[in-house]
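Here the structure comes first, spelled out in structure tokens, and everything after it is commentary.
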Amino acid sequence: MLDFRMETFLALCRTMNYTRAAEELRITQPAVTQHIQYLQRHYGVKLFSYHDKRLALTEAGEALH
């Protein structure tokens, strides 16, 4: 069974939008942020970055996905 934070990561990968991921998962946007921050601390890498105001997966994020 997947950790609930991984479900959040996968939803964010699908939507590439924190608000839409939160709506899809029926949780708050700050909860999505906290889940992603937890995973980044756990793995010791950045999973997402912004390029020209667009969310993108980092290489580490691609590998995890």
Next item on the list: Filter the trypsin sites (Lys or Arg not before Pro) in the chain down to the DSSP loop ones having no more than 15 other Cβ atoms within 10 Å, then list what survives.
Entry: R26, K46, K53
Checklist line | Cβ-defined net charge surrounding E7, 12 Å radius [Lys, Arg +1; Asp, Glu -1] | finding: +1
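Please report the relative contact order for region 12-65, taking Cα pairs under 8 Å with a sequence separation of at least 6, and give it as a percent rounded to a whole number.
On the way: 44 pairs, mean separation 13.6, N = 54.
This gives 25 percent for region 12-65.
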Margin query: What is the ratio of the Cα radius of gyration of the chain to 2.2 N^0.38 Å, with N the residue count, to two decimals?
Written below: 1.01
Check: When the accessible area of the chain is split by element with a 1.4 Å probe, what percent falls to carbon and sulfur?
Finding: 51
Next item on the list: Would you kindly derive the ³J(HN,Hα) couplings of region 44-51 from the backbone phi angles with the Karplus curve 6.51 cos²θ - 1.76 cosθ + 1.60 (θ = phi - 60°), listing them in order in whole Hz, with x for Gly and Pro?
Entry: x, 9, 7, 9, 10, 8, 9, 10
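Rounded to the nearest 0.05, what FRET efficiency is calculated for H65 and E23 with R0 set to 22 Å and r the Cβ-Cβ distance? All intermediate terms of the calculation are to be shown ahead of the outcome.
On the way: r = 20 Å, r/R0 = 0.93.
Using R0 = 22 Å, I get an efficiency of 0.60.
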Check: What number comes out for the charge environment of R26, summing +1 per Lys or Arg and -1 per Asp or Glu over other residues with Cβ under 13 Å away?
Finding: -2
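The values are calculated or read from the model by the stated rules, or taken from the named source; none is laboratory data. Small disclaimer: the values here were computed from a predicted structure and weren't measured. Here Cβ is always computed from backbone atoms with ideal geometry, including for glycine, and neighbour counts include all displayed protein chains. SASA here: full protein model, heavy atoms, side chains in, ligands and nucleic acids out. Shrake-Rupley method; radii C 1.70, N 1.55, O 1.52, S 1.80 Å.
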